[in-house]
């Protein structure tokens, strides 16, 4: 139990740091938070790929480090939610709805894509 916590802690620090680097590197397009979308797509793909790959071949520590830790801290659903609410509050309804659709549909598709790719390993 304690070792799993350490794996989540280490992975979480790495994932949060990566997330911040993406935030710094990818500017918004107008009011649209493109870095959040990119992180959610990549994080969803990563989660699907690692989950499918590791569920066949590895110990649970990989799930704690990579999935709960890195992917959990890297993906930014709470940020996505906040930014969407802010767009609604600023009367940017089309961007808010576009943000909801892209972050949900594309990220779910990325989970499937990651799982499919992992099946080929």
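Quick note: the coordinates plus some simple rules give every number you see, no bench work behind them. Keep in mind that this is a model prediction, so the values were computed, not measured. In this analysis, Cβ positions are derived from the backbone assuming ideal geometry, glycine residues included, and neighbour counts consider all displayed protein chains.
Fewest neighbouring Cβ atoms within 10 Å first, the residues 1, 94 line up as 1, 94. Length gained on full extension, residue 14 to residue 61: 15.4 nm, using 0.36 nm per residue less the C-alpha separation.
Highest mean packing first, where packing is the average number of other Cβ atoms within 10 Å per residue, the peptides 70-77, 100-107 line up as 70-77, 100-107. Restricting the calculation to Cα atoms, region 55-121 yields a radius of gyration followed by a Dmax of 15.9, 49 Å. The orientation-averaged projected area of the convex hull spanned by the Cα atoms of region 2-119 comes to 7.4 nm².
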